[in-house]
Amino acid sequence: MITNSYIGVSGGYLGDFSYRTHEEFYPYFCDLNISASAYEGTTRQRFLSILENSDAPTQAKILKGVLKKYPVDFFPEEQREIKRKAAKEIEELIRRLESGQAVATEQLYVTNSTVERAIQDTKILIETNGATSGVDRIHTALHGYLREVCRQAGITLTEDETLTQVFKLSKSSSLTKWGDKTSRY
């Protein structure tokens, strides 16, 4: 959303960034000591890599820097309404990043202790080590969730079935008999 919908991309490059201005972006607009030249690829690829591998407070500073460098009135008049909506979404993301709640959470209808523990572990890993550190725990949460859905639907599983196997069983079994209940999950 930030690169394509807000800043814009042309030929794989981010907005009006040159390699030099991208390097200057972090200290000037974000008050961060990040060297974009330490990353490979186009300015877009470097920007995304830096953003994805940063902790939540750093991500918030980068997003604030984006809004500072590219205020809504930077864009042509005909694009401003769309950019205004995107800027509001970015501001909401900044608020969540600064509050420690990067992803909006909702009450889970189907859960168990495995799912809850994996979600908590994921939050901690993402905060301390970045988004890629939580992938394994997200896999565990999804596996636990699907196992619980199957259990509640009366589908018998063994302990050694993989996520893919559980998913296939859940798709091909009596879950279709749940009717309106599945819309809650």
Across region 29-55, the tally of residues that are surrounded by fewer than 16 Cβ atoms within 10 Å (Cβ to Cβ), assigned to a helix (DSSP H, G or I) and free of Cβ contacts under 8 Å to residues at least 24 places away in the same chain stands at 3
Within region 56-68, is there a residue that is of a type in the set (Lys, Arg) and surrounded by fewer than 18 Cβ atoms within 10 Å (Cβ to Cβ)? yes
Mind checking which residues of region 64-81 are under 20 Å from residue 96 (Cβ atoms) and free of Cβ contacts under 8 Å to residues at least 60 places away in the same chain? 64, 65, 67, 68
Near pairs, Cβ below 9 angstrom, 6+ apart or cross-chain, from region 1-22 (closer than 22 Å to residue 84 by Cα) to any residue that is assigned to a strand (DSSP E or B) and aliphatic (A, V, I, L, M): 3/9; 3/14; 7/14; 8/14; 15/9
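No lab work stands behind these numbers, since they all come straight from the coordinates. Source: prediction; values computed, not measured. Here Cβ is always computed from backbone atoms with ideal geometry, including for glycine, and neighbour counts include all displayed protein chains.
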